[in-house]
Amino acid sequence: MHFSNLILTAILTSILMSGGSCHKSCSRNANIMKSIQYQLKLVEDNDGKCDCPSTSSSGKVGFLVFNSGNLKNIGNGAIVVYDTVTTNLGGGYDKSTGVFTATVEGLYYFTWTVLTYPGKTFYTQLILNDNVVAKNHAGASGMSTYMPSSQSVVLQMKKNDKVSIRIQNGGLFMHGDKWSTFSGFKI
């Protein structure tokens, strides 16, 4: 147990046990204490995160992410990991994996935009549980200008379904610094 949890447990024990010497009271207090200890253990095991069914204090789910830098020469099939989080209501987006996990069932809207460098390409797909749902073609091969491309989808998702952006046919160059983004929210 963390030090703060030990202090809280000691204080609660003192309060609960000082209420009298009646056996019934002590038994009830002991049960309350066991319940409090169990709840503290759950909080500690989840690194302080609530495991309640609600997704956030407002019940809303939504995220907006982008890359802090450019992405170059990313292999076919790799997940695009957006490392900078602007919004992550409900905590569904994991910036270490690039995967959004639905915290609740519902209808979701996703969109992603790619800006590629002149002469380069960055083809992507939106993946739902390993199935391709939509594709985005940012191709500036043979061109002397930047090429933007965007795509949007609406998906019915179950709790714990996963959505990510994956490279198709290799990703040669995608601009970072808020030029290329990935976002989604529960409708």
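Every read-out reported here was derived from the displayed coordinates using simple, explicitly stated rules and does not represent laboratory data. Here the structure is a predicted model, which is why all the values come from computation and not from measurement. Cβ: placed from backbone, ideal geometry, glycine included. Neighbour counts: every protein chain shown.
List the trypsin sites (Lys or Arg not before Pro) within the stretch 88-187 that DSSP assigns to loop and that have no more than 10 neighbouring Cβ atoms inside 10 Å. Those that pass, being in a loop and sparsely packed, are LYS158. Full extension of the segment from VAL85 to ALA30, taken as 0.36 nm per residue of separation minus the current Cα-Cα distance, would add 15.4 nm.
The residues packed around TYR93, meaning those with a beta-carbon under 13 Å from its beta-carbon, carry a net charge of +1 if Lys and Arg are +1 and Asp and Glu are -1. Near LEU115, once Lys and Arg are set to +1 and Asp and Glu to -1 for all other residues with Cβ below 15 Å from its Cβ, the sum equals +2.
Which translational diffusion coefficient, to the nearest whole µm²/s, is obtained for the stretch 85-134 from the Stokes-Einstein equation, given a Kirkwood hydrodynamic radius over C-alpha pairs, 4 °C and 1.567 mPa s?
Details: Rh = 13.3 Å.
Estimated via Stokes-Einstein, D reaches 98 µm²/s.
Summarising the amide proton neighbourhood of LYS178: residues at separation of 5 or more, or on other chains, whose placed amide H is nearer than 5 Å comprise ASN67. Checking the cross-link pairs LYS34/LYS95; LYS60/LYS120; LYS120/LYS158; LYS60/LYS135 against a 30 Å limit on the alpha carbon distance flags LYS34/LYS95; LYS60/LYS120; LYS120/LYS158 as lying beyond it. In the frame of its principal axes, the stretch 55-187 has Cα extents of 48, 26, 22 Å, reported largest first.
Backbone amide hydrogens, once placed in the peptide plane, bring TYR93 within less than 5 Å of THR101, excluding anything fewer than 5 places away on its chain.
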